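S.K.: Before anything else, here's the structure in question.
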């Protein structure tokens, strides 16, 4: 990508609205929670199996 492409992206980009930010934060938080719970379940299952 050239410098012109970066300038064009920065020119088009805008600050997210409060609703967009809240929605993005919620989705990211739920994803992190899901991955953490999956890891914890694997840890519990493997510890019960003695692995």
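S.K.: Once Rh is set to the Kirkwood radius over Cα pairs, what Stokes-Einstein translational diffusion coefficient, in µm²/s, holds for the chain at a temperature of 10 °C and a viscosity of 1.306 mPa s? Don't jump to the answer; show the numbers that get you there.
M.R.: Values: Rh = 14.6 Å.
It comes out at roughly 109 µm²/s.
S.K.: Measure nothing but the geometry: give the 0 to 90° angle between the long axis through the Cα atoms of 3-12 and the longest principal axis through the Cα atoms of the chain, rounded to 10°.
M.R.: Helix 3-12 sits at roughly 80 degrees to that axis.
S.K.: Could you work out how far helix 18-49 tilts from the main Cα principal axis of the chain, as a 0 to 90 degree angle to the nearest 10?
M.R.: For 18-49 against the chain, the angle is about 20 degrees.
A short reminder: the numbers here are calculations on the coordinates, not readings from a lab. All values reported here derive from a predicted model rather than from experimental measurement.
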